[in-house]
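Take a look at the structure below.
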């Protein structure tokens, strides 16, 4: 049996500032950001639907794919967390994303665009529900 993984992640964010008679806008009125990850950039994918009733820590050096094969990242390029719960928030933290702690509300998505080298100090991502048991989807792209 052959397992083929492919991913193309494209994130485009455009912010445009307009004035409605409030004065003159100075500086940049539009900011664009785009990063495309090609299949040659992404050699490992971890995708899962998970449930957390307490801190759910994912060590990106010891994950498994749907067939039970090891998925060991040496670098992480993108992290996507979708909180599928209707009422409870989750907090995303861990040394994989540095000292950041981000709250993701019910039905909301967190996308982290990064170039993190995985090492002994940067390899754990933790998803913790604010209360109760929360289901979430996660996708990690890297090599």
Only one of (1) within 19 Å of residue 35 (Cβ to Cβ); (2) free of Cβ contacts under 8 Å to residues at least 60 places away in the same chain; (3) not in a loop (DSSP other than H, G, I, E, B) is not met by residue 100, so which one is it? (3)
Condition met for residue 10 (over 16 Å from residue 110 (Cβ atoms), within 14 Å of the chain's Cα centre (by Cα) and either modelled with pLDDT of 95 or more or part of a strand (DSSP E or B) (or both)): yes
Selection count, the range 113-143, where residues are farther than 18 Å from residue 54 by Cβ and not in a strand (DSSP E or B): 5
Among (1) surrounded by 14 or more Cβ atoms within 10 Å (Cβ to Cβ); (2) within 13 Å of the chain's Cα centre (by Cα); (3) on the phi < 0 side of the Ramachandran plot, residue 100 falls short only on (1)
Considering the range 46-87 alone, what residues qualify as being in a loop (DSSP other than H, G, I, E, B), touching a residue at least 60 places away in the same chain (Cβ under 8 Å) and surrounded by 13 or more Cβ atoms within 10 Å (Cβ to Cβ)? 60, 61, 65, 73, 74
Scanning the range 28-79 for residues that are more than 17 Å from the chain's Cα centre (by Cα) and modelled with pLDDT of 85 or more gives 53, 54, 62, 64, 68, 69, 70
Say whether the condition of being at pLDDT 95 or above, at negative phi and not in a loop (DSSP other than H, G, I, E, B) is met by at least one residue in the range 105-112. no
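The values are calculated or read from the model by the stated rules, or taken from the named source; none is laboratory data. What you see is a predicted model, and the numbers here were worked out from it, not measured in a lab. Here the Cβ is made from the backbone with ideal geometry for all residues, glycine too, and neighbour counts use every protein chain on show.
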